[in-house]
1. Starting from the Cα-Cα distance between Gln201 and Gln63, subtract it from 0.36 nm times their residue separation and give me the gain in nm to one decimal.
2. Within the range 196-221, what residues put their amide N at less than 17 Å from the label point 7 Å along the Cα-to-Cβ vector of Tyr438?
3. Do the alpha carbons of any pairs in Lys78/Lys211; Lys12/Lys87; Lys16/Lys87; Lys225/Lys392; Lys12/Lys32 sit beyond 19 Å of each other, and which pairs?
4. Of all accessible surface on the range 1-61 at a 1.4 Å probe, what whole percent is carbon and sulfur?
5. Output the Kirkwood hydrodynamic radius of the range 7-237, Cα pairs only, in Å rounded to one decimal.
6. What 222 nm value per residue comes from the helices of the chain, counting each DSSP H run with n ≥ 4 as -39,500 (n - 2.57) and dividing by all residues, nearest 500 deg cm²/dmol?
7. Only Lys, Arg, Asp and Glu count, each charged at its Cβ (+1, +1, -1, -1), so figure out the dipole size of the chain about its Cα centre, rounded to 20 debye.
8. When only Cα pairs under 8 Å and 6 or more residues apart are kept, what is the percent relative contact order across the range 7-237?
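The values are calculated or read from the model by the stated rules, or taken from the named source; none is laboratory data. Just so we're clear, the structure is a prediction, and the values are computed from it rather than from any experiment. Glycine also receives a Cβ, built like all others from the backbone with ideal geometry; neighbour counts cover every protein chain displayed. For the accessible areas, the whole protein counts, side chains as well, though only heavy atoms, and no ligand, DNA or RNA atoms are used. Shrake-Rupley method; radii C 1.70, N 1.55, O 1.52, S 1.80 Å.
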Amino acid sequence: MSQAKSIDHVIKALPKLQSRYNIFAHLEPSTKILQRYNDIQKNQPNSTLAGTISAIKDNIVTQDSNTTCASQMLKEYKSPFTATIVKLLSNAGTTIVGKTNMDEFAMGSLGIHSCYGPTINPSRAFFANDDMGKREMVTGGSSSGSAAAVSATIDGDNIIDFALGTDTGGSVRLPASYCSVLGFKGSYGRISRYGVVSFAQSLDTVGIFAKDLPILRGVFDVLNKYDRKDPTSLNDLLRNEIIELSDKCLHRLQNPLRIGIVQEFNQESVDKDIKSAFHDFIGQLMEKGYTVVPISIPSIKYSLPIYYTLAPSEAVSNLSRYDGIRFGTRDPNEDVNNEAFFSKTRSNFGTEVRNRLILGNYNLSSSFAHNNYIQAQKLRVNLINEFDFMFKFPNVLTRNKANVGDDNGIDFIISPTSLNKPTFVRRAMSDKIATDEYFNDIFTIPASLAGLPTMTIPIRGNEPIGIQIMGQYGDDQGVLDFTSTLM
Ligand code: GLN
């Protein structure tokens, strides 16, 4: 999978990527990049990812460089171990050139809540002829740097072949769509989270950005492994069962695929260009012989409230470890004798993280937990069941009856990826209330709540417009295969 580009060109281009678009939280020194690249060429030239250049989000831990989650809280943090996925990538021969900018602790949809400042969208839709212009647009978040890294070109060349991000409620798919690249998040538990800093652990997944589908698939194949160090990793028994089920579903190749369009996604507020691109896309599917059917998943309308109840609640628990004793930098003048306790240390969190902590504590507090947290869990189960009864492919976790061989079942669901197109960085940063940012997750969050494998593909060239393809839980290969018929 070697990419024909010179490493000298890459090394010269990296500082430009940084100064133009603020892509990296940390960039490896040139000498280290060169040495690593040459070592691979010499010792493992035939490994799967040899010759590729990559970057990883700064909430994925690495032993030899800081992992900051773009937070003042972890500015000096270095992990004592390296994430499983980084080891797998390194063994497969890629050269990782840096850790990418992001919304702090992966909370956000715009790529503006970072202690390093916002990432700028490098899409040629905004920077015609690579001129900097005045039109600095957001990349989308929270994996903002990873999306921008893959999207950006220098002198017309791609520099980064692929990048890893994390997707809890859309943080791979949304920036991929805003930056006109492919973004894929696997089924929950497919890719190891050992060494991925938790935001909301029942939703967190790792995702892959690339411009080129074969590269994305190659990276997925490398990462698609059971990891005994991650208690939520999908075990081998279930992985094998899914492979057998996929073989049984081969009838999908003979019959026209049935593609579902969710009625509840038909939102007034979708941007008109996105709407028209989506309609064109449906037309193209029909021309290709696919059967497009309207479907109803009523619980989808509760997705945003479910997510913004559960995710902040889990975040409260995960972020409690940043007390300056276990993790985070403790202020030397503060100690437990001071009435402030951890407040000085905890004020190292940025505004958006603080908002989420307040929300999460509210949702979990004894008088509200039953109506909020418990209710959201029940609604999440209803949503998963409704998805299950739509798909032909059975869900190996819930064991709900599937529509295998049933003419009514569907193979995949499509929708736009985002409600709107990227806005100006300056405008986004001056908005005090983030509700628009929350609404923009409307299409991405349902698949996160149900743990479904989902891809976003750019459908209007360099325009920041993406279409999302969702498959049943476990049907990652199906989503990737279907995507390949659309490229
Ligand atoms: N935008 C969502 C949030 O801020 C999703 C974030 C994510 O996927 N990491 O919670």
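1. 47.5 nm
2. Backbone N within reach: 200.
3. Table pairs above 19 Å Cα-Cα are Lys78/Lys211; Lys12/Lys87; Lys16/Lys87; Lys225/Lys392.
4. Taking all protein chains in place, the range 1-61 shows 50 percent carbon and sulfur surface.
5. With all distinct Cα pairs of the range 7-237 included, I get 17.2 Å.
6. The per-residue figure over the chain is -10500 deg cm²/dmol.
7. It comes to approximately 440 debye.
8. Details: 544 pairs, mean separation 46.0, N = 231.
Worked out over the range 7-237, it gives 20 percent.
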